[in-house]
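Enquirer: Below is the structure I would like to discuss, written out as structure tokens.
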Amino acid sequence: MIRNPWRHDEPLDRAELARLLPAPADPRLAADRQDLLEEYLMSEIHQPDHAPAAPAGPPASPARRPLRRAVLFATPVAAAAALAVVVSVGGSPGASTVAAPELVKAPVVQIEEGSTAQLASTVREIAAAATARTTPQPGPGQYIYIKSRVSFMSTRHNVDTGESTTWVQPLHDREVWKSPDGTKGWLDEPGYQDKGGITLDNNEPREQQTYKWLAARPTDPDALLKSVYATVSGDRDHDQQAFNEIGSVIREQLVPSALAAALYEAVGRIPGVVVVEHAQDASGRDGIALARLDPRTGERSEWIFDRENHQYLGSRGVQVREFDGVKPGTVVERTTIVTRAIVDAKNQRPGAGQATV
């Protein structure tokens, strides 16, 4: 399953969620029901009120879309509800629809085999660099600003020929503003929301996604890893779920230096994590990656770091073995961090004298 990490804090269609989820007294889904729910979410995620214009061609089945669970350190009872966090579709209720840009063919790369030979030393270097890096602390009334360039996958299946073609969104900018306590925010992703963006204001934020909550976490890698594994459930690979949980935090949040180092050390202890010596982010920057192959989907998720200063650059998802018509070597996800900064107001972009990471 290819999943989207970027949608976990956008407005939700609560009426639709109420229809999909079980009653509060029964938060756990049977495996077959969970599969159905996830397939439904995959058909709805990362989509404005109308689907993006598809390339011309024969009739196609509904697109397969990214889906990524983002509920780091949530309590186990929230597991079923967490699946619904990603149902946001870009736009507030009653807003006008947006015609998203046409999809383009997914890039294909040569698959480089990962290795554990340098895993311990690479994790130590990344963690040490994170510890040494000064992370600015947002003050009252300030916002965490993150600008990225992103592209996610949409696979279309030809119902006449049985063939599938993998398309992706064109690379595009995504800017997000988040208050430290998670109660206020803004998202601007041109072409995927209304012009100017959408509000992320929330009177009841999920505290585990906030800077304030992260800043209070212990920095012991073993304790952190135990907390992550406490969130996973079901028959799916728990190690992969843990890897994805941590990845969802480092992508679009400001993580205090000591905690970032502990998270990287924790990742190095997850079975199946490897080092990929050469991986490119969405900007084409070549770096070294911590990666893990999802045994169910055949997708390898890669977190890419600068090989000199070990700064996090972005992420990439590469199909290593064919799954659901997606061929090996297909790049199903690309992201790159352009700017992380602290700004004084929502919708303000960093300028001279403002702290950047």
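The values are calculated or read from the model by the stated rules, or taken from the named source; none is laboratory data. The structure presented is a predicted model; accordingly, all values stated were derived computationally and were not measured. Because the Cβ atoms are built from the backbone with ideal geometry, glycine has one as well, and the counts that use them run over all protein chains shown. Only protein heavy atoms, including side chains, enter the accessible area calculation; ligands, DNA and RNA are left aside. Shrake-Rupley method; radii C 1.70, N 1.55, O 1.52, S 1.80 Å.
Enquirer: Please go through segment 142-169 and give me each residue that is in a loop (DSSP other than H, G, I, E, B), at pLDDT below 95 and open to solvent by 20 Å² or more (accessible area, probe 1.4 Å), ordered by number.
Expert: Val159, Asp160, Thr161, Gly162, Glu163
Enquirer: Within the group Gly272, Gly284, which residue is in a loop (DSSP other than H, G, I, E, B), under 26 Å from Asp235 (Cβ atoms) and not aromatic (Phe, Trp, Tyr)?
Expert: So the residue among Gly272, Gly284 that is in a loop (DSSP other than H, G, I, E, B), under 26 Å from Asp235 (Cβ atoms) and not aromatic (Phe, Trp, Tyr) is Gly272.
Enquirer: On to the next question. Please identify the pairs in which a residue from segment 293-307 that is open to solvent by 40 Å² or more (accessible area, probe 1.4 Å) has its Cβ atom under 9 Å from the Cβ atom of a residue that is among the β-branched types (Val, Ile, Thr) and assigned to a strand (DSSP E or B), counting only partners at least 6 apart or on another chain.
Expert: Taking only residues 6 or more apart or on different chains, the pairs are Leu293/Val274; Asp306/Ile288; Arg307/Ile288.
Enquirer: Restricting attention to segment 234-290, and to residues there that are under 21 Å from Asp220 (Cα atoms) and of a type in the set (Asp, Glu), which single residue is surrounded by the fewest Cβ atoms within 10 Å (Cβ to Cβ)?
Expert: Per the criteria, the residue is Asp239.
Enquirer: Consider Glu175 against the criteria (1) part of a loop (DSSP other than H, G, I, E, B); (2) acidic (Asp, Glu); (3) within 16 Å of the chain's Cα centre (by Cα): it satisfies all of them except one. Which criterion is unmet?
Expert: Unmet for Glu175, out of (1) part of a loop (DSSP other than H, G, I, E, B); (2) acidic (Asp, Glu); (3) within 16 Å of the chain's Cα centre (by Cα): (1).
Enquirer: Taking segment 207-233 only, how many residues are of a type in the set (Lys, Arg) and surrounded by 18 or more Cβ atoms within 10 Å (Cβ to Cβ)?
Expert: Qualifying residue count, segment 207-233: 1.
Enquirer: If you don't mind, there's one more thing I want to ask. Going by what's in this entry, would Gly139 be described as assigned to a loop (DSSP other than H, G, I, E, B), open to solvent by 30 Å² or more (accessible area, probe 1.4 Å) and out of contact with any Leu (no Cβ under 8 Å at 6 or more places or on another chain)?
Expert: no
Enquirer: Next up: Among (1) within 26 Å of Pro136 (Cβ to Cβ); (2) over 16 Å from the mean Cα position of the chain (by Cα); (3) not in a strand (DSSP E or B), there is one condition Pro295 misses while meeting the rest; what is its number?
Expert: All conditions pass for Pro295, except number (1).
Enquirer: Same structure, new question: Across segment 76-125, what is the number of residues that are within 27 Å of Ala230 (Cα to Cα), modelled with pLDDT of 95 or more and assigned to a loop (DSSP other than H, G, I, E, B)?
Expert: The number of residues fulfilling the criteria is 1.
Enquirer: Let me ask another. For segment 298-308, enumerate the residues that are in a loop (DSSP other than H, G, I, E, B) and either in contact with an Asp or Glu (Cβ under 6 Å, 6 or more places away or on another chain) or more than 21 Å from Met153 (Cα to Cα) (or both).
Expert: If the condition is that a residue be in a loop (DSSP other than H, G, I, E, B) and either in contact with an Asp or Glu (Cβ under 6 Å, 6 or more places away or on another chain) or more than 21 Å from Met153 (Cα to Cα) (or both), then Asp306, Arg307, Glu308 are the ones that fit.
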